[in-house]
Amino acid sequence: MNVTPIQLEDVHGAHNYHPLPVMVTHGEGAWLSDDEGHRYLDFLAAYSALNFGHRHPALVAAAREQLDRLTLTSRAFHHDQLGPFCAELSALAGKEVVLPMNSGTEAVETALKVARRWGHEVKGIPDGTASVIVMGGNFHGRTISVVSFSDDHVAKAHYGPYTPGFRSVPYGDAEALAAAFDDTTAAVLVEPVQGEAGVILPPPGYLAEVRRLCVAHDALMVADEIQSGLGRTGRTFACDHESVVPDVYVLGKALGGGIVPLSAVVADRDVLGVLTPGSHGSTFGGNPLATAVGREVIRLLETGEPQRRAAALEGTLRAGLEPLVGRGVVGVRVRGLWAGVDLDPALGTGRDLCEALARRGVLAKDTHGSSMRISPPLTIEEQDLAWGLEQLADAVEELAARPPLSRTQSGLA
Ligand SMILES: *Cc1c(COP(=O)(O)O)cnc(C)c1O
């Protein structure tokens, strides 16, 4: 018998993920297909990394053109894509300087290093004592320092000793934040919407209050817009909804157009200027291929079209989700083309729901417990979105109809 790729993965791949038993072989726009020709609507979009869909023609063309010319120099030499990329991303963000990296967590690490250095060199915090205020329920990636201030037990357990210098306050609680500042505070790190936590929206006015408190305490406001930024919420940045401009944007995911890893820290010169040659770097950071794709991503965002689509489709998303509340769903949160859906825990887990959805041709991902996130490509057709939401309603109904005893077992048929 032939060994399948999934079996090989099972035996020879580390088990740090638990994917749905679907093997995707092809993607186009918002649609995927597997090795047996089944089609699936992508309701995850690689956690927003595929905001522009699978193989967007303009992005693929930019990558192709660059592939035929130059892919990597390291930062030891100049290349002709980096300068324009930095200038264009600065302009998009209304900032002065860009520091490109690769993965999101690397960009968060970079922002933390910059914040600590700024805290010492500019704010005058004694060297080695700078602290950063973070939020309960945060997700900023997987490095040791970043999981050090996570409160997700699974993500954090047994990785100690942990990096010190972080203080956590409840997300959305401006009073707790106000009380957490002291002379060592260099920065506040916040997700404008907590994606991994289940698309948790802060109370209205909260981000503006974070902004105000950071100014009052001479601390940097660092907005992790890796998942919330670049069109997902209907605006270029989720902070835009409150007209808040943080000191530092951390970007990733969609910045690489679903083709390459590309992340960035974006800020003004008085902040990023604390870095000097040799004080930070990355072999692949800002490489020609990634920045060529990134430039095309910025061009797409400059048209405002992805943001407008996300805003326009919010209504369709709400219309599909809100009627489910009280009928198997206990909570729904929507911003732009992004939603968190809380299944009634008595009906099953988020995983159960995702498996029922996959059987109906829609791929999505559970977050915590009985919650699920919906984040389709921003390029999705309205009727496809509506169809996917009908499948979701059916899937919830299927779970509700199961006898309670069978609710502990599931799996794709
Ligand atoms: C995904 C994510 C990260 C980590 O990005 P990776 O590319 O997986 O390292 C960090 N912050 C937020 C808000 C994210 O959603």
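Values as computed for the structure displayed
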| item | result |
| --- | --- |
| Gain on full stretching of the segment that runs from T25 to A76 - 0.36 nm per residue minus C-alpha separation | 14.7 nm |
| Residue among F149, L220, M101 farthest towards the positive dipole end of the stretch 57-302, charges placed on Cβ | M101 |
| Prolate/oblate/rounded call for the stretch 110-206, Cα gyration tensor, a/c under 1.5 rounded | oblate |
| Cα centroid separation - the stretch 314-344 against the stretch 29-108, whole Å | 30 Å |
| The stretch 184-199-the stretch 238-286 distance, computed between alpha-carbon centres (Å) | 15 Å |
| Debye intensity ratio I(q)/I(0), log10, the stretch 39-140, q values 0.16 Å⁻¹ (C-alpha model) | -1.06 |
| Tail weight of P(r) past 15 Å, computed on alpha-carbon pairs of the stretch 2-68, percent | 64 percent |
| Equivalent ellipsoid dimensions for the chain as semi-axes, Å, which come from the Cα gyration tensor, largest first | 35, 26, 21 |
| Gaussian network model of the chain, Cα within-10 Å springs - most flexible of Q391, Q66, Q383 | Q383 |
| Peptide ranges 262-274, 229-241 listed from the most packed, as the mean C-beta count within 10 angstrom indicates | 229-241, 262-274 |
| Counting DSSP beta bridges with both ends in the chain, the antiparallel % (nearest 5) | 65 percent |
| 18 Å Cα-Cα reach of K365 towards lysines, excluding residues that sit fewer than 8 places from it in its own chain | K253 |
| Whole-angstrom Cα spans of the stretch 57-302 along principal axes, big to small | 54, 38, 37 |
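Bear in mind these aren't lab numbers, they're just calculated from the coordinates by the rules spelled out. Since this is a predicted model, take the numbers as computed values, not measurements. A quick note on method: Cβ atoms are made from the backbone with ideal geometry, for glycine too, and the neighbour counts reach across all protein chains shown.
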